[in-house]
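Trainee: Right, I'll just put the structure down here and ask away after.
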Amino acid sequence: VIRYIHQNPVKAGIVERSDEWRWSSYLGYYGKSPQPRNLVDVDFILKKLSTDITNAKQLFKEFNYRKNNDQYL
């Protein structure tokens, strides 16, 4: 679901990459979001990938850039 949400603006042709969409929480996973720090619980998602935060961030990035062809109606 998180990848689906982050890739929506890309699939819509609004931006080329998830990190270009200013309204996304995507950058919050790297501590680079202009949004309030506690708006999104990034640790919840990152800990699903790895207990090592550096590794989790890398896995998150790879996961999000993997093409997602899922169709949810």
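Trainee: Kindly evaluate residue 49 against the criterion of being more than 11 Å from the chain's Cα centre (by Cα) and surrounded by 12 or more Cβ atoms within 10 Å (Cβ to Cβ).
Mentor: Answer is yes for this residue.
Trainee: Those residues that are of a type outside the set (S, T, N, Q), surrounded by 10 or more Cβ atoms within 10 Å (Cβ to Cβ) and in a loop (DSSP other than H, G, I, E, B), I need them from the stretch 17-31; list them, please.
Mentor: Once the filter is applied, which keeps residues that are of a type outside the set (S, T, N, Q), surrounded by 10 or more Cβ atoms within 10 Å (Cβ to Cβ) and in a loop (DSSP other than H, G, I, E, B), the stretch 17-31 yields 17, 21, 22.
Trainee: So in the stretch 6-16, with the set limited to residues that are without any contact (Cβ under 8 Å) to a residue 12 or more places away in the chain and assigned to a helix (DSSP H, G or I), which one is most open to solvent (accessible area, probe 1.4 Å)?
Mentor: Restricting to residues being without any contact (Cβ under 8 Å) to a residue 12 or more places away in the chain and assigned to a helix (DSSP H, G or I), the top hit is 11.
The values are calculated or read from the model by the stated rules, or taken from the named source; none is laboratory data. Note that this is a predicted model, so its numbers are computed, not measured. So basically every Cβ, Gly included, is an ideal-geometry build from the backbone, and we count neighbours across all protein chains shown. Protein only, heavy atoms only, side chains kept; ligands, DNA and RNA dropped before computing areas. Shrake-Rupley method; radii C 1.70, N 1.55, O 1.52, S 1.80 Å.
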